[in-house]
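Everything below concerns the one structure shown next.
Laboratory data are not the source of any read-out in this text; all were calculated from the coordinates shown. Everything numeric here is computed off the predicted structure, so don't read it as measured data. So basically every Cβ, Gly included, is an ideal-geometry build from the backbone, and we count neighbours across all protein chains shown.
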Amino acid sequence: MSSAETTAPGPIPGERATAKLYIAGDSPQSASALANLRTAFETVPDENLPTLEVIDIYDSPLEAMRDGVIVTPTLILDYLGKRRILFGELSDPHKTGAVLASLTRSPLAATHTP
């Protein structure tokens, strides 16, 4: 087995994951989720970091509806057709970071999560 086969592939050059964090105004839960997400971003290598868009459902209710957001905070991660959705304050930065990093792995690697 070659070394290329033993390592999980990284992100595709030129392709970037996107992250949308839906919040509800300046609620304590919204502030906590944003702070926790920023902490999680620090645990992820730069090449795996998604672009981040913070969307207040009070300002953009139609966008929240289009994405099927029914609770806040909600984090929606998209990469090459793969979608991950996390709910709540994202209080464990290592778990959130692991989800962020797993998004840019190959489909085979992404399906094998413990």
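Net charge dipole, region 17-105: roughly 400 debye, given to the nearest 20, about the Cα centre with Cβ charges of +1 for Lys and Arg and -1 for Asp and Glu.
Based on the Cβ-Cβ distance of Lys95 and Leu62, what FRET efficiency does E = 1/(1 + (r/R0)^6) give at R0 = 41 Å, to the nearest 0.05?
Details: r = 31 Å, r/R0 = 0.75.
Efficiency, rounded to the nearest 0.05: 0.85.
Annotation: amide H-H contacts under 5 Å for Val54 (H modelled 1.01 Å from N, sequence separation of 5 or more, or interchain): Leu21. With θ taken as phi - 60° and the Karplus curve 6.51 cos²θ - 1.76 cosθ + 1.60 applied, the whole-hertz 3J(HN,Hα) list for region 82-91 is 8, 10, 10, 10, 10, 10, x, 7, 6, 6 Hz, x standing for glycine and proline. The ranking of Lys20, Lys95 from fewest to most other beta carbons within 10 Å of each one's beta carbon is Lys95, Lys20.
Give the percent of DSSP beta bridges with both residues in region 17-105 that are antiparallel, rounded to the nearest 5. Approximately 65 percent, going by the DSSP bridge assignments. Using 0.36 nm per residue and subtracting the Cα-Cα separation, the extra length available between Thr39 and Asp26 on full extension is 2.8 nm.
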